[in-house]
1. Looking at the structure I just gave you, is Ala54 in a loop (DSSP other than H, G, I, E, B), surrounded by 11 or more Cβ atoms within 10 Å (Cβ to Cβ), among the hydrophobic types (A, V, I, L, M, F, W, C) and at pLDDT below 90?
2. What are the pairs with Cβ atoms under 6 angstrom where one residue, in the stretch 19-38, is outside any loop (DSSP other than H, G, I, E, B) and the other, located anywhere, is aromatic (Phe, Trp, Tyr)? Sequence gap at least six, or different chains.
Amino acid sequence: MNKKYDAIIIGAGVIGAAIAFELAKKGYKTLNVDRLPSPAPVPSSGSITPPRTA
């Protein structure tokens with residue numbers, strides 16, 4: 001298996017996924033890798049949480 005990529009993005013969180021997506025839209029061949037098998041179990045900068053009321 002010998003594949004070539006224009007960019008390898010380490011981290012598939014909100015920022016890493018966005019960077020990989022934008023590069024792919026421009027025609028770059030990208031590889032996005034992360035050590036976790038699924039999205040983070042905690043809210044991240046990409047999630048919207050409704051305001052809490054007391």
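1. no
2. Cβ pairs passing all conditions: Leu31/Tyr5.
The values are calculated or read from the model by the stated rules, or taken from the named source; none is laboratory data. As the structure is a computational prediction, the values presented were derived from the model and not from experiment. Backbone-built Cβ (ideal geometry, glycine too); neighbour counts: all protein chains shown.
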